[in-house]
Amino acid sequence: MATYQYRCTGCGTFDVTRPMGAALAEEPCDTCGDRSRRVYSAPMLARTSAPLARALRAQEASAHEPRIVTEVPSARRRPAPAADPRQALLPKP
Ligand SMILES: [Zn+2]
């Protein structure tokens with residue numbers, strides 16, 4: 001089912017739900033019954049928020065252009081050692 005929008009000259013816009021492709025050029029107004037013409041509007045083109053758009057661009061770029069690392073990260077940025085004490089018993093590389 002799809003929702004189609006119609007505009008009555010006296011009452012304003014209203015929606016009609018019909019199967020896809022079954023929209024008529026005119027529908028009777030829900031309120032007054034006058035013939036109302038179909039209104040073409042943009043489909044649900046919600047804009048992506050800026051932070052999400054940046055994250056998606058970075059994710060896509062990293063798949064094709066991975067960031068080149070030229071030096072070892074500083075000790076401050078290295079991940080913290082594992083909290084599990086059993087890992088301390090494992091051989092070190
Ligand atoms: Zn009307």
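The values are calculated or read from the model by the stated rules, or taken from the named source; none is laboratory data. In this text the structure is predicted, and so the values were computed from the model without any measurement. Here Cβ is always computed from backbone atoms with ideal geometry, including for glycine, and neighbour counts include all displayed protein chains. Just the protein is used for accessible areas: all its heavy atoms, side chains included, with ligands, DNA and RNA removed. Shrake-Rupley method; radii C 1.70, N 1.55, O 1.52, S 1.80 Å.
Criterion first (within 16 Å of the ligand (Cβ to nearest atom), open to solvent by 70 Å² or more (accessible area, probe 1.4 Å) and part of a loop (DSSP other than H, G, I, E, B)) does D30 satisfy it? Write out each step before concluding.
Values: within 16 Å of the ligand (Cβ to nearest atom): yes; open to solvent by 70 Å² or more (accessible area, probe 1.4 Å): yes; part of a loop (DSSP other than H, G, I, E, B): yes.
Against the criterion (within 16 Å of the ligand (Cβ to nearest atom), open to solvent by 70 Å² or more (accessible area, probe 1.4 Å) and part of a loop (DSSP other than H, G, I, E, B)), D30 qualifies.
Return the total of residues in the stretch 1-11 being within 16 Å of the ligand (Cβ to nearest atom) and either small (G, A, S) or surrounded by fewer than 13 Cβ atoms within 10 Å (Cβ to Cβ) (or both).
Looking only at that region, the number is 2.
Name the one entry in S36, S62, S74, S49 that is at pLDDT below 80 and open to solvent by less than 70 Å² (accessible area, probe 1.4 Å).
On the way: S36 fails: at pLDDT below 80; S62 fails: at pLDDT below 80; S49 fails: at pLDDT below 80.
Exactly one of S36, S62, S74, S49 is at pLDDT below 80 and open to solvent by less than 70 Å² (accessible area, probe 1.4 Å), namely S74.
Taking into account only those residues within the stretch 12-23 that are under 19 Å from M1 (Cβ atoms) and within 16 Å of the ligand (Cβ to nearest atom), which is most open to solvent (accessible area, probe 1.4 Å)?
Within the stretch 12-23, the subset under 19 Å from M1 (Cβ atoms) is 13-23.
In the following step, the residues that additionally are within 16 Å of the ligand (Cβ to nearest atom) were identified as 13-16.
Working: T13: 71, F14: 21, D15: 90, V16: 23 Å².
The extreme case among them is D15.
Here is a check on your reading of the model: is A83 of a type in the set (G, A, S), open to solvent by 80 Å² or more (accessible area, probe 1.4 Å) and assigned to a loop (DSSP other than H, G, I, E, B)? Before the answer, list the steps.
Working: of a type in the set (G, A, S): yes; open to solvent by 80 Å² or more (accessible area, probe 1.4 Å): yes; assigned to a loop (DSSP other than H, G, I, E, B): yes.
Answer is yes for this residue.
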